[in-house]
Amino acid sequence: MRLQLTEDQKERVGDLLKAMTLKEKIGQMNQVSPSIVGGFDVPFEELIEMMTDGRISHEKFEEIMKTAKQDFHEDQIRDGKVGSLMVQDAKEVNRLQKIAVEESRLGIPLIFGLDVIHGFRTVYPIAIAEAGSFDPDLMEKTAAMAARESRSAGVAWHFAPMLDIARDARWGRVSEGPGLDPYLASVFARAKVRGLQNDRSSTEHYVAACLKHYIGYGACESGRDYNTVSMAMHLFYNTYLRPFAAAVEEGAATVMASFNDLNGVPCTVNPFTLRTILKDSLGFPGFVVSDANAVRECVIHGIAKDEIDAGIQAVNAGLDMDMGTGIYSGHLAQALADGKISEETIDEAVRRILSVKMWLGLFDHPYVSSECARRYDTLPEDHLALARRAAEESIVLLKNEGSLLPLARDQKISLVGTLAASREEIIGAWAMSWRKEDCVSIREGMEQEFPNLRYFPCGGPEGEICKADVDQAASYGDVLVAVLGETDAMSGEASSRGDITLPGKQRDLLQMLLKTGKPVVLILMNGRPLVLDWEDAHLPAIVEGWHLGVQMGPAIARVLSGAVMPQGKLSADFPAAVGQCPIYYNHPNTGRPGSRSKFTSRYLDIPFKPLYPFGFGLTYTSFAYSKLEISEGEKQLQIRAEVRNTGDRRGTETALLFMQDVTASLVRPVRELKGFRKITLDPGESRTISFRLPKKELGFYDNDGHLRLEDGAFRFFVGGSSEADLSEEAEITF
Ligand code: NOJ
């Protein structure tokens, strides 16, 4: 829903702007975090990062927060020098808001923001997993749930959704976004913005979304976090901009500029991306915030000679709010006096910020009521049910030789792996407001579903293998279920990995388990596509479980028992070897596509295909596709195909539509996702599915950002993954 103010609201914003001093205006452009003073001498943000990357545990963080003496910058708030704060507790929010509203000269409310990436109190699956549900209704509902929960703590602004297209699995932040495909990412983007922003029935129900990281961050060279980004402009327009453009169209209220440079200009100070594209061309009406400390980092980038220069460049480029450096509040007045920035530029930024605050209802409802603050003290059943549905729909069955799965409920199962017993690790990167008592570990979930299950820790991503445990596991179970993978700190920010096989001694552990002669089922818990070549070659059954949130335990258990049919698909290709990274099905064609013969685009020593392609995912039944037909109308195409359930269980399939522009004025991807349909079929049942594809969707942007619609041959593919082989070609005219 567009960020629209009533005439009266616009007038209030205008009146305020007229009444504000320069200092107050610049104050609105300043976001601060509480700093820890005494007890723990690091900035709050670093403390959050320490928890996120595992240097301190969640419990330790909570402990510190309870005891540490914090500076919430009350004096600055009173003085009108702060526009936004990062706080996540209703009492603190109300206390600080009272200072802003009742003690500052103009009483402008603060906007409280936080990283609510995949849930607030109820944590649902990480984004890369949830995208694989191919279920926009689910994506919207989980966002709406997070919005209500965070608003009850006074957090009216989510630094989400993260919309970075990510094609290099080494990058730790692949976990936070919807994968590698611009179409799927755009569907995800729209659903998230609707979920966060559209329930305007009460100010307690919606928040402002913040699209991040704008732009190109996911294309960081070699998957190393914060690294440089260079890309051709057609790639920028067709791939990386797509989900942002979709989310802006859907009405997203704010955007966060990314840390990286794009073709030499850091996105924090990039007038082309911020002004020309975002504000002018896409017509984005909200405000742009920097990433943490990013304005200062422009000096280290070597693009600004000092802090004041960085601030000037950022404001002039269209960056409305500075996150955490204090450079705007420290230097913009001087910059204005020196004629380096204009008052109009400042006014524009402040108008945008005040408009979002007005749209959020903060002027009329600045506080959290005590009833609202208590609303989620105990998580409601429907939130847990939604978290479980989200987890179940996101699970991807990667291998199931000899129909080893589902497991019989009375089977003697040895559950193995330290991750299986953890209530913390199921949460994944970037979740801060959950409580341990709400989490159900895989062990707990499995114990409910399988009465004859016993647990043997054996080992995990860190530490040694316990041989005695392995022996006991082998002598008890008829089947060994190993939960292995990554800790939550191994993905997310600053968590790139150069080796993306199972970390630590987990492959050795699998080898030991296999030697027992018992069938081994691998359940993966991870935040990125992993290299699973060895596992795929040796294990009969593999289930991709990602970090699925508070209900991971029951979801995994129910999929393993067959109470729920697996239906998730991969939102990113899984490489067959790390040397393939970046690997993505929708790569541009070459003159020598990779094949077995030598002089083609390939490596000598590793395969040219991914191990599991985008869209891949099995279930306990199977589907076949046939009868692909294309009919062309004036404005749209209709593409139909028949899907048949060829197995012996009722199951759900997501049918995917891909397209290839066979000949064009620029080299186009070998395939591009253009649509998907979910259908549930009984054994033997077949149904015709139909995709309506507006002809505009067949076009592409050239290097100057112009949309091209070129007559000619287009090939369409329908099937279960990006390797679908059912295809038809059609000559299309525009
Ligand atoms: C840094 C991260 O890059 C960004 O995603 C996050 O929103 C901010 N810090 C605030 O925590």
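The values are calculated or read from the model by the stated rules, or taken from the named source; none is laboratory data. Fair warning: this is a prediction, and the values are worked out from it, not measured in the lab. Reconstructed Cβ throughout: ideal geometry from the backbone, glycine too, with neighbour counts over all protein chains shown. We work out accessible area using only protein heavy atoms, side chains counted, and drop any ligands, DNA or RNA first. Shrake-Rupley method; radii C 1.70, N 1.55, O 1.52, S 1.80 Å.
Given a Förster distance of 22 angstrom, what is the FRET efficiency for A468 paired with H538, based on the Cβ-Cβ distance and rounded to 0.05?
Rounded to the nearest 0.05, the efficiency is 0.40.
Using a 1.4 angstrom probe with every protein chain in place, what is the largest-first accessible-area order of S665, S491?
S665, S491
Share of the chain's accessible area from carbon and sulfur, percent, 1.4 Å?
It is 48 percent, rounded to a whole number.
For the stretch 363-410, treating each Cα as an identical point scatterer without solvent, what Debye log10 I(q)/I(0) comes out at q = 0.16, 0.22, 0.33 1/Å?
Calculated log10 I(q)/I(0) at the listed q: -0.73, -0.93, -1.12.
Among all lysine pairs in the stretch 623-732 that are eight or more places apart or on different chains, how many have alpha carbons less than 12 angstrom apart?
4
Filter K192/K340; K192/K279; K10/K212; K81/K305; K60/K505 down to the pairs with a C-alpha to C-alpha distance above 30 Å, please.
K192/K340
Using the Karplus equation 6.51 cos²θ - 1.76 cosθ + 1.60 (θ = phi - 60°), what ³J(HN,Hα) coupling, rounded to whole Hz, does each residue of the stretch 135-150 give in order, writing x for Gly and Pro?
Listing the rounded values in order: 10, x, 5, 5, 4, 5, 5, 5, 5, 5, 5, 5, 4, 5, 5, 6 Hz.
Ignoring solvent entirely, what values of log10 I(q)/I(0) come out of the Debye formula for the chain at 0.07, 0.09 Å⁻¹ when each Cα is a single scatterer?
-0.49, -0.81
Determine the per residue accessible area of the chain with all protein chains present and a 1.4 angstrom probe, expressed in square angstrom.
36
Quickly estimate the mean residue ellipticity at 222 nm for the chain, helices only: each DSSP H run with n ≥ 4 gives -39500 (n - 2.57), and the total goes over all residues, rounded to 500.
-8500 deg cm²/dmol
Relative to the longest principal axis of the C-alpha atoms of the chain, give the angle of the C-alpha long axis of helix 182-197, reported between 0 and 90° and rounded to the nearest 10°.
Around 50 degrees separate the two axes.
Suppose each label sits 7 Å from its Cα in the direction of the beta carbon; what would the R78-K412 distance come out to in nanometres?
7.2
Label the stretch 340-488 by shape, choosing from rounded, prolate and oblate, from the square roots a ≥ b ≥ c of the eigenvalues of the Cα gyration tensor; if a/c is under 1.5 it is rounded, and otherwise prolate applies when a/b is larger than b/c, oblate when it is not.
Prolate, because a/c is 1.5 or more and a/b exceeds b/c.
Over every pair of different alpha-carbon atoms in the stretch 155-211, take the mean of 1/r and invert it; report that Kirkwood radius in Å.
Radius from the Kirkwood sum: 12.2 Å.
Subtracting the Cα-Cα distance from 0.36 nm times the residue separation, let me have the gained length for N452 to V670 in nm, one decimal.
73.6 nm
Would you please give the residues with an amide H less than 5 Å from that of K609, counting only those at least 5 places away or on a separate chain, with H modeled from the backbone geometry?
none
For a label point 7 Å from the Cα of R224 along Cα→C-beta, name the residues of the stretch 291-319 whose backbone N is under 11 Å from it.
Of the residues in the stretch 291-319, none has backbone N under 11 Å from the label point off R224.
Can you give me the Rg/Rh ratio for the stretch 623-732, using Cα atoms for both radii and the Kirkwood formula for Rh?
The Rg/Rh ratio comes out at 1.03.
Can you figure out the FRET efficiency of E59 with Y603, using R₀ = 41 Å and their beta-carbon distance, to the nearest 0.05?
So, using R0 = 41 Å, E works out to roughly 0.35.
Can you tell me what percent of all Cα-Cα pairs in the stretch 441-544 are more than 25 Å apart?
Tail of P(r) above 25 Å: 18 percent of Cα pairs.
To the nearest 10 square angstrom, what accessible area does W430 show with a 1.4 Å probe?
About 20 Å², ignoring ligands and nucleic acids.
Under 5 Å between amide H atoms, partner at least 5 residues away or on a different chain: which partners does V521 have, H built in plane at 1.01 Å?
Here the answer is L480, V481, A482, since their amide H atoms fall under 5 Å of that of V521.
Going from most exposed to least, what order do Y214, Y625, Y620 have by accessible area with a 1.4 Å probe?
If we order Y214, Y625, Y620 from most to least accessible, we get Y625, Y620, Y214.
Which whole-percent values make up P(r) of the stretch 293-370 when all C-alpha to C-alpha distances are grouped in 10 Å steps starting at zero?
Binned Cα distances yield the sequence 18, 42, 24, 12, 3.
Let me know the volume per residue of the alpha-carbon convex hull for the stretch 391-580, in Å³.
It comes to 112 Å³ per residue, whole-number rounded.
Hey, if we sort E381, E401 by accessible area with the 1.4 Å probe, largest down, what's the order?
Heavy-atom accessible area, descending, gives E381, E401.
Go ahead and run the numbers for FRET between T663 and R596, Cβ-Cβ distance against an R0 of 35 Å, rounding to 0.05.
Once the sixth-power term is evaluated, E becomes 0.85.
Cα centroids of the stretch 591-616 and the stretch 555-583: how far apart, whole angstrom?
Their Cα centres are 21 Å away from one another.
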